[in-house]
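**Student:** Following this message is one structure expressed as structure tokens.
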Amino acid sequence: MSEFWTRTSVGEFPPMLQVENVTAGYGAGAVLTDLTLTVNGGDRVAILGRNGVGKTTLLRCMIGEISPRTGVIKLGDRDITREPAHRRARMGIAYVPQGRDIFPGLSVMDNLKVAAYGVRHKAWADVLTDVLDEFPILRQKAKLAGGGLSGGQQQILALGRALMTQPKVLLLDEPSEGIQPSIVDQIADHVRRINELRGITVVLVEQNLEFATNIAEHAYLMDKGQIVRELPAKDVLTDRDLQHEYLGV
């Protein structure tokens, strides 16, 4: 493991990502309304809720694809509310979108290299070695086109591509979608290990409740564009009334 993946104890990490009183949406409509949440450094959190409550919109605000109408977004103690997406990536926010969005015509290796080039890290070769060590399947498939991989392998490639940017915060949008259960379990193991060994803060949006609570330590429940509850993730898995009220399960 190179120096780029070395972590200190979780207790040393201050708040990493803060969303303060954010209102945002598309066109004239507001999807998020005065939303506030704080994710501490080194945490693994899940953002849960029914379809349409604003979970993906929240992630898109965090990465800079959508500009809030009001409110503030901070990375550490830095206000990034008006920073463009490419600047946020260089500051340490990585995003694995729903549907993965890999480059299907590029090789696995080139998919990884493009990510490093985009954030201009000089030590990308060391990080590439670490990523390939973490995901041996990517080394095995290095010369194949990304579009030729299975859905699960493409998700692993998308995760490895995000790690090539040496992020402080990893945002995952529905990473279990359309993937066979055995690969879903592998991805959960990888995400936990990335967090525990490398100190990368993880924010997960996910419909698969068992998968989400297998990864996350804390959960935020969303409803109608706001955070309405914060609680230990394991409590969501065992509370059927809460699942029915906020998740429609």
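The values are calculated or read from the model by the stated rules, or taken from the named source; none is laboratory data. Being a predicted model, the structure only gives us computed values, none of them experimental. Neighbour counts are summed over all protein chains in view; Cβ atoms, including those assigned to glycine, are modelled from backbone coordinates with ideal geometry.
**Student:** Taking the stated definitions as given, is THR38 under 18 Å from the mean Cα position of the chain (by Cα), within 30 Å of GLY148 (Cα to Cα) and at pLDDT 90 or above?
**Tutor:** No.
**Student:** May I pose another question? Looking at SER107, SER150, can you tell me which residue is modelled with pLDDT under 95 and of a type in the set (S, T, N, Q)?
**Tutor:** SER150
**Student:** Take the residues in region 175-192 that are of a type in the set (Gly, Ala, Ser) and surrounded by 17 or more Cβ atoms within 10 Å (Cβ to Cβ), then tell me which one is nearest to ASP101 (Cα to Cα). Lay out the reasoning, then the answer.
**Tutor:** So in region 175-192, the residues of a type in the set (Gly, Ala, Ser) come out as 176, 178, 182, 188.
This time we only want the ones that are surrounded by 17 or more Cβ atoms within 10 Å (Cβ to Cβ), so: 176, 188.
Values: SER176: 14, ALA188: 20 Å.
The extreme case among them is SER176.
**Student:** Here's another thing I want to ask about it. Being more than 14 Å from the chain's Cα centre (by Cα) and touching a residue at least 12 places away in the same chain (Cβ under 8 Å) is the filter here, so list the residues in region 79-92 that pass it.
**Tutor:** ILE80, THR81, ARG82, GLU83, PRO84, ALA85, HIS86, ARG87, ARG90, MET91
**Student:** Pick out the one residue from LEU149, LEU171, LEU221 that is touching a Gly at 6+ places or on another chain (Cβ under 9 Å) and surrounded by 15 or more Cβ atoms within 10 Å (Cβ to Cβ).
**Tutor:** Answer to the check: LEU221.
**Student:** If GLU196 satisfies all but one of (1) closer than 21 Å to PRO15 by Cα; (2) of a type in the set (D, E, K, R); (3) surrounded by 15 or more Cβ atoms within 10 Å (Cβ to Cβ), what's the number of the condition it fails?
**Tutor:** (3)
**Student:** Continuing with the same structure: Collect the residues in region 119-154 that are among the basic types (Lys, Arg) and either within 21 Å of GLY99 (Cα to Cα) or free of Cβ contacts under 8 Å to residues at least 12 places away in the same chain (or both), keeping them in residue-number order. Let's see the steps before the verdict.
**Tutor:** First pass over region 119-154, keeping only residues among the basic types (Lys, Arg): 120, 122, 139, 141, 143.
Passing the criteria: LYS122, ARG139, LYS141.
**Student:** With respect to VAL131, is the statement that it is surrounded by 14 or more Cβ atoms within 10 Å (Cβ to Cβ), farther than 14 Å from ALA158 by Cα and touching a Leu at 6+ places or on another chain (Cβ under 8 Å) true? I'd like the intermediate steps shown before the answer.
**Tutor:** Numbers: surrounded by 14 or more Cβ atoms within 10 Å (Cβ to Cβ): yes; farther than 14 Å from ALA158 by Cα: no; touching a Leu at 6+ places or on another chain (Cβ under 8 Å): yes.
Against the criterion (surrounded by 14 or more Cβ atoms within 10 Å (Cβ to Cβ), farther than 14 Å from ALA158 by Cα and touching a Leu at 6+ places or on another chain (Cβ under 8 Å)), VAL131 does not qualify.
**Student:** When residues of region 93-118 are filtered for being in contact (Cβ under 8 Å) with a residue 60 or more places away in the chain and surrounded by fewer than 21 Cβ atoms within 10 Å (Cβ to Cβ), how many remain?
**Tutor:** Taking region 93-118 as the starting set, the residues that turn out to be in contact (Cβ under 8 Å) with a residue 60 or more places away in the chain are 93-99.
Applying the additional criterion that residues be surrounded by fewer than 21 Cβ atoms within 10 Å (Cβ to Cβ) yields 97-99.
Total meeting the criteria: 3.
**Student:** Could you check, for region 117-140, whether at least one of its residues is among the aromatic types (Phe, Trp, Tyr), out of contact with any strand residue (DSSP E or B) (no Cβ under 7 Å at 6 or more places or on another chain) and more than 17 Å from ARG193 (Cα to Cα)?
**Tutor:** yes
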